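Visitor: Following this message is one structure expressed as structure tokens.
The values are calculated or read from the model by the stated rules, or taken from the named source; none is laboratory data. Given the structure is predicted, the values throughout are model-derived calculations rather than measurements. Neighbour counts are summed over all protein chains in view; Cβ atoms, including those assigned to glycine, are modelled from backbone coordinates with ideal geometry. The protein model used for the area step is the full one, side chains on, heavy atoms only, and it has no ligands, DNA or RNA in it. Shrake-Rupley method; radii C 1.70, N 1.55, O 1.52, S 1.80 Å.
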There are 2 protein chains.
Amino acid sequence: MTDQTKFLLSESDIPKTWYNIQADLPVPAPPPLHPGTGQPIGPDDLAPLFPMDLIMQEVSQERDIDIPEPVRDVYRQWRPTPLYRAHRLEKALDTPAKIYYKYEGVSPSGSHKPNTAVPQAFYNKAAGIKRLSTETGAGQWGSSLSYAGALFDLEVQVFMVKVSFQQKPYRKAMMETYGGTCIASPSELTAAGRAILEKNPDSTGSLGIAISEAVEVAAQNDDTKYALGSVLNHVLMHQTIVGMEAMRQMEMAGDYPDVIVACTGGGSNFAGIAFPFLGAKLRGGNDVRIVAVEPAACPSLTRGKFAYDFGDTAQMTPLVKMHTLGAQFVPSGFHAGGLRYHGMAPLVSHVQDLGLIEAHALDQLECFEAGVLFGRTESIIPAPEATHAVRGAIKEALRCKEEGKSETILFNLCGHGHFDMQAYIDYFEGKLNNQTYDESELAMALAGLPSVANG
Amino acid sequence: MTDQTKFLLSESDIPKTWYNIQADLPVPAPPPLHPGTGQPIGPDDLAPLFPMDLIMQEVSQERDIDIPEPVRDVYRQWRPTPLYRAHRLEKALDTPAKIYYKYEGVSPSGSHKPNTAVPQAFYNKAAGIKRLSTETGAGQWGSSLSYAGALFDLEVQVFMVKVSFQQKPYRKAMMETYGGTCIASPSELTAAGRAILEKNPDSTGSLGIAISEAVEVAAQNDDTKYALGSVLNHVLMHQTIVGMEAMRQMEMAGDYPDVIVACTGGGSNFAGIAFPFLGAKLRGGNDVRIVAVEPAACPSLTRGKFAYDFGDTAQMTPLVKMHTLGAQFVPSGFHAGGLRYHGMAPLVSHVQDLGLIEAHALDQLECFEAGVLFGRTESIIPAPEATHAVRGAIKEALRCKEEGKSETILFNLCGHGHFDMQAYIDYFEGKLNNQTYDESELAMALAGLPSVANG
């Protein structure tokens with residue numbers, strides 16, 4: 001088996017259920033709180049934003065949640081995704097480690113995002129909803145939801161962080177090709193957007209602001225619900241299809257990971273590959289190290305505070321307990337736009353707090369260097385977000401070399417970089433540097449955490 | 001079976017041989033001629049440009065040519081490619097026709113081009129070559145050869161048509177990420193380039209000029225050979241892996257095409273899907289209509305002359321008999337850059353001359369309209385070249401609707417449009433029109449056909 005490079009499952013192997021890690025946690029995750037009262041919120045509090053099926057998934061403690069057949073039917077177009085053994089990368093690194101990667105870039109929009117966009121569109125359509133509103137940073141999520149909207153005949157309105165809107169016209173074009181509408185955020189369409197523009201007409205936006213705008217549109221229109229591309233429990237759960245497939249593919253390879261590496265922005269890509277393995281470990285299965293890699297310029301897991309915070313800038317969302325840099329924290333303009341979020345998924349934050357995972361922060365330049373090496377050896381050009389996972393896996397492989405250990409490394413290559421070639425151009429031209437953040441700005445943002453929930 | 005959407009072969013089903021249609025032709029194709037003498041050329045005449053293994057494939061009359069194991073090993077990364085039934089497109093068209101498409105965009109560079117880039121790099125490496133020179137229009141071929149060069153440790157030098165070089169920086173970045181070198185053509189690096197620049201310093205280049213430059217570099221350097229991404233017999237043969245897989249997948253679907261549709265630039269994508277089916281028909285198998293679709297602005301098959309002509313502008317190549325608009329014909333700047341070539345593969349031209357295939361010319365706007373419909377229904381955004389095949393298939397499906405016939409249509413979706421989103425932006429903004437050509441310029445270019453070979 002050692003020479004085999006690709007491990008493919010058949011269509012009938014597409015998992016029939018998603019995996020809900022809440023069933024296996026040694027300590028339950030802290031509940032979301034109402035920002036006014038500081039009391040736990042119930043399903044009804046979320047009803048203006050989400051259809052009840054998704055709210056029930058958000059709070060479910062069941063281990064296995066059925067994937068509806070129409071969702072599996074859509075998944076079939078590109079799932080199961082391939083798992084590859086990176087023989088050529090191993091050779092280039094001269095490492096005794098075995099490196100495997102799960103490749104999610106084969107989806108129509110080029111990343112793991114459709115894994116949750118499709119069920120979110122399905123459940124909203126089933127609930128009679130006409131329109132979805134959402135935010136997007138780099139554009140991966142906005143194009144994925146637009147794609148899913150086209151399939152289920154839903155209007156999709158995407159608030160795109162203005163700086164990305166201006167820098168990435170091709171992502172906007174992709175949304176429009178799928179029939180979605182893409183609006184630069186902050187916009188004049190919402191009170192949240194107008195408030196920001198009044199204070200700062202030149203605001204280039206942030207994910208936190210775009211979330212405020214999208215939430216406001218959903219809250220104020222009965223036919224419209226809100227869709228989020230990461231962070232929430234149900235979103236992470238939809239992504240577990242990645243790890244569940246990977247478990248079976250590692251079995252095909254006759255192997256099991258010693259280390260799993262994934263990049264973390266909101267946390268769904270990480271949870272997608274890691275949680276099924278972590279759950280197996282929690283139920284007494286094989287041990288495995290799980291490594292989250294994040295950008296040094298937006299280090300919520302390694303430098304944030306584990307505290308209750310808002311998910312958005314205008315403080316319209318419930319409070320969730322997470323590793324956060326503070327909802328007012330505005331990350332610098334590094335290229336991995338999908339990792340530019342002030343917070344981290346509550347479930348990822350929780351397992352980090354429980355000591356079940358490790359987290360490392362990586363610099364931009366070392367990640368692009370890894371992306372180029374990966375392109376030249378494994379032939380897939382990774383998205384800037386995914387280069388973090390590549391670099392993380394390479395670090396583990398080089399450690400194995402130093403220690404003379406033949407460990408098995410598995411990482412999630414969450415998307416291709418076809419829409420991010422400007423970043424590679426900038427890298428080749430020496431225009432990129434190692435972005436960081438201002439310590440005093442971080443301190444200020446953390447000082448602004450809501451007191452109602454943080455004692 | 002009718003509800004199934006995806007037809008997947010297993011890795012062991014990757015064909016072990018390519019199919020050479022020369023073995024089944026009722027009349028042999030006219031030989032290439034020496035431009036000086038007008039006499040047929042032999043293998044030795046091609047030796048400065050190609051390694052002998054490829055020259056032998058070029059002239060072989062054997063039906064089945066072994067695919068070397070190292071090439072199959074690389075193919076495994078993305079082959080066999082999926083065959084899809086376009087249920088959602090059929091529904092949108094309300095047609096009784098069944099539409100299938102083979103999807104080649106899953107390759108690392110996003111098109112069918114690696115099918116030949118990989119074996120070309122393999123055979124050159126085996127012959128001790130250090131460097132490959134080539135030309136590229138839209139950049140699909142240049143990035144595919146750069147990708148293959150990285151795998152086999154070959155330098156790759158790509159002459160990219162200057163107008164595309166300026167318009168498509170991301171394709172250049174992709175070549176560089178794979179380690180290739182990309183030069184705007186016409187360039188100062190070659191006598192052919194300098195001659196053009198002397199006459200016209202503002203020349204934006206053409207595929208014919210870029211071929212001249214690449215051929216010159218190969219002819220003058222012992223360690224360098226030339227690689228072509230289409231037109232030649234061996235290139236078309238490498239692409240037949242597409243049609244051979246599709247034949248088995250149609251069998252899995254329990255179906256057989258009544259019509260096959262593919263777009264034609266140099267002809268390799270078309271031949272790739274069509275020749276295995278055409279060969280089966282020529283050997284007494286099922287009947288099938290084969291439809292080549294080309295851009296109305298560069299209509300070599302429908303408006304060109306079947307005559308001996310040069311493959312390049314500087315008249316450095318042998319003469320080949322093909323449907324040609326004349327080597328001096330410069331197509332207008334429509335977006336399907338991969339279809340902007342003055343000639344057509346000799347083998348495709350020959351079967352057209354024998355009446356074995358049909359050809360239709362399509363306008364730019366109707367093709368983009370089809371591309372958007374395809375994106376919204378089948379979720380894949382087609383490359384501008386591929387939109388021609390989509391429109392061609394839709395035309396057949398609408399004819400079936402009119403005639404009340406449930407025919408089976410198969411087309412080749414040769415690549416995704418991730419690097420061509422500017423074209424979609426221009427389309428949405430109403431900036432595109434139906435490009436055409438100047439009749440008097442065409443007449444002049446045709447008047448310039450070499451007399452030595454055309455009596």
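Visitor: Could you look through region A:174-206, keep only residues that are assigned to a loop (DSSP other than H, G, I, E, B), without any contact (Cβ under 8 Å) to a residue 12 or more places away in the chain and of a type outside the set (Asp, Glu), and pick out the one that is most open to solvent (accessible area, probe 1.4 Å)?
Guide: Among them, the one singled out is A:PRO201.
Visitor: Something else now. For region A:1-26: of the residues being in a loop (DSSP other than H, G, I, E, B) and in contact with a His (Cβ under 8 Å, 6 or more places away or on another chain), which is nearest to the other protein chains (Cβ to nearest Cβ)?
Guide: Taking the candidates together, the pick is A:THR5.
Visitor: Suppose we filter region B:167-179 for residues that are farther than 15 Å from B:ASP420 by Cβ and more than 10 Å from chain A (Cβ to nearest Cβ); how many remain?
Guide: 1
Visitor: Another question about this same structure. Quick one: A:ASN412 ticks every box in (1) away from chain B (no Cβ under 14 Å); (2) open to solvent by 10 Å² or more (accessible area, probe 1.4 Å); (3) polar (S, T, N, Q) except a single one, so which number is it?
Guide: Unmet condition: (2).
Visitor: Search region B:373-409 for residues being farther than 24 Å from B:HIS335 by Cβ and of a type in the set (Lys, Arg), and hand back the single one that is nearest to the other protein chains (Cβ to nearest Cβ).
Guide: B:LYS401
Visitor: Now, a different point. Could you tell me whether region B:262-272 includes any residue that is within 14 Å of chain A (Cβ to nearest Cβ) and either in contact with a Ser or Thr (Cβ under 7 Å, 6 or more places away or on another chain) or assigned to a loop (DSSP other than H, G, I, E, B) (or both)?
Guide: Within region B:262-272, not a single residue is within 14 Å of chain A (Cβ to nearest Cβ) and either in contact with a Ser or Thr (Cβ under 7 Å, 6 or more places away or on another chain) or assigned to a loop (DSSP other than H, G, I, E, B) (or both).
Visitor: Of everything in region A:61-71 that's open to solvent by 20 Å² or more (accessible area, probe 1.4 Å) and not in a helix (DSSP H, G or I), which residue is farthest from B:VAL74 (Cα to Cα)?
Guide: If we take residues in region A:61-71 being open to solvent by 20 Å² or more (accessible area, probe 1.4 Å) and not in a helix (DSSP H, G or I), then A:GLN61 is farthest from B:VAL74 (Cα to Cα).
Visitor: What number of residues within region A:72-116 are closer than 28 Å to A:GLY180 by Cα and either within 14 Å of another protein chain (Cβ to nearest Cβ) or polar (S, T, N, Q) (or both)?
Guide: 23
Visitor: Can we say A:PRO276 is outside any helix (DSSP H, G or I), open to solvent by less than 10 Å² (accessible area, probe 1.4 Å) and of a type outside the set (A, V, I, L, M, F, W, C)?
Guide: no
Visitor: Residues of region B:143-166 being assigned to a helix (DSSP H, G or I) and within 14 Å of chain A (Cβ to nearest Cβ), which ones?
Guide: Correct list: B:SER143, B:SER144, B:LEU145, B:SER146, B:TYR147, B:ALA148, B:GLY149, B:ALA150, B:LEU151, B:PHE165, B:GLN166.
Visitor: Criterion first (charged (D, E, K, R), under 21 Å from A:GLU294 (Cα atoms), open to solvent by 60 Å² or more (accessible area, probe 1.4 Å) and touching a residue at least 12 places away in the same chain (Cβ under 8 Å)) does A:GLU439 satisfy it?
Guide: no
Visitor: Going by the conditions given, is B:LEU446 surrounded by 15 or more Cβ atoms within 10 Å (Cβ to Cβ), over 15 Å from A:MET174 (Cβ atoms) and not charged (D, E, K, R)?
Guide: Against the criterion (surrounded by 15 or more Cβ atoms within 10 Å (Cβ to Cβ), over 15 Å from A:MET174 (Cβ atoms) and not charged (D, E, K, R)), B:LEU446 qualifies.
Visitor: Need pairs with beta-carbon distance below 7 Å; first residue over 20 Å from A:LEU347 (Cβ atoms) and within region A:235-259, second open to solvent by 10 Å² or more (accessible area, probe 1.4 Å) and of a type in the set (Phe, Trp, Tyr); sequence gap 6+ or separate chains.
Guide: A:MET250/A:TYR256
Visitor: Name the strands (runs of 3 or more DSSP E) wholly inside region A:296-400 in which the number of residues that are open to solvent by 10 Å² or more (accessible area, probe 1.4 Å) and over 16 Å from A:THR264 (Cα atoms) is 2 or more.
Guide: A:305-310, A:319-324
Visitor: State yes or no: is A:GLN220 closer than 24 Å to A:GLN57 by Cα and in contact (Cβ under 8 Å) with a residue 60 or more places away in the chain?
Guide: Taking the combined requirement at face value, the residue does not satisfy it.
Visitor: Look at region B:385-443 and say how many of its residues are at pLDDT 95 or above and among the polar types (S, T, N, Q).
Guide: 4
Visitor: Report, by residue number, each residue of region B:98-134 that is part of a strand (DSSP E or B), of a type in the set (D, E, K, R) and open to solvent by 10 Å² or more (accessible area, probe 1.4 Å).
Guide: Once the filter is applied, which keeps residues that are part of a strand (DSSP E or B), of a type in the set (D, E, K, R) and open to solvent by 10 Å² or more (accessible area, probe 1.4 Å), region B:98-134 yields B:LYS98, B:ARG131.
Visitor: The conditions are (1) on the phi > 0 side of the Ramachandran plot; (2) in a helix (DSSP H, G or I), and A:GLY284 fails exactly one of them. Which is it?
Guide: Status for A:GLY284: all satisfied but (2).
Visitor: Now, a different point. Please state which one of B:LEU83, B:LEU93, B:LEU46, B:LEU89 is touching a helix residue (DSSP H, G or I) at 6+ places or on another chain (Cβ under 8 Å), touching a residue at least 40 places away in the same chain (Cβ under 8 Å) and within 30 Å of B:LYS130 (Cβ to Cβ).
Guide: B:LEU46
Visitor: Looking at region A:234-286, which of its residues are of a type in the set (Val, Ile, Thr) and under 19 Å from the mean Cα position of the chain (by Cα)?
Guide: A:VAL235, A:THR240, A:ILE241, A:VAL242, A:ILE260, A:VAL261, A:THR264, A:ILE273
Visitor: Hey, can you tell me all the residues within region A:117-138 that are closer than 13 Å to A:ILE55 by Cβ and hydroxyl-bearing (Ser, Thr, Tyr)?
Guide: A:TYR123
Visitor: Within region B:207-253, restricting attention to residues that are in a loop (DSSP other than H, G, I, E, B) and over 17 Å from B:ALA138 (Cβ atoms), which residue is least open to solvent (accessible area, probe 1.4 Å)?
Guide: My answer is B:ALA253.
Visitor: Let me ask another. Can you tell me which residue in region B:27-47 is farthest from B:HIS238 (Cα to Cα), limited to those that are open to solvent by less than 70 Å² (accessible area, probe 1.4 Å) and not in a loop (DSSP other than H, G, I, E, B)?
Guide: B:LEU33
Visitor: So, one more: Taking A:VAL74 as the residue in question, decide whether it is among the β-branched types (Val, Ile, Thr), over 24 Å from A:GLY142 (Cα atoms) and either surrounded by 16 or more Cβ atoms within 10 Å (Cβ to Cβ) or at pLDDT 95 or above (or both).
Guide: no
Visitor: A:THR177 - would you say it is modelled with pLDDT under 95 and of a type in the set (Ser, Thr, Tyr)?
Guide: No; evaluated as a whole, the condition is false for this residue.
Visitor: Find the residue count for region A:415-433, including only residues that are within 22 Å of the chain's Cα centre (by Cα) and either away from every other protein chain (no Cβ under 14 Å) or not in a loop (DSSP other than H, G, I, E, B) (or both).
Guide: 6
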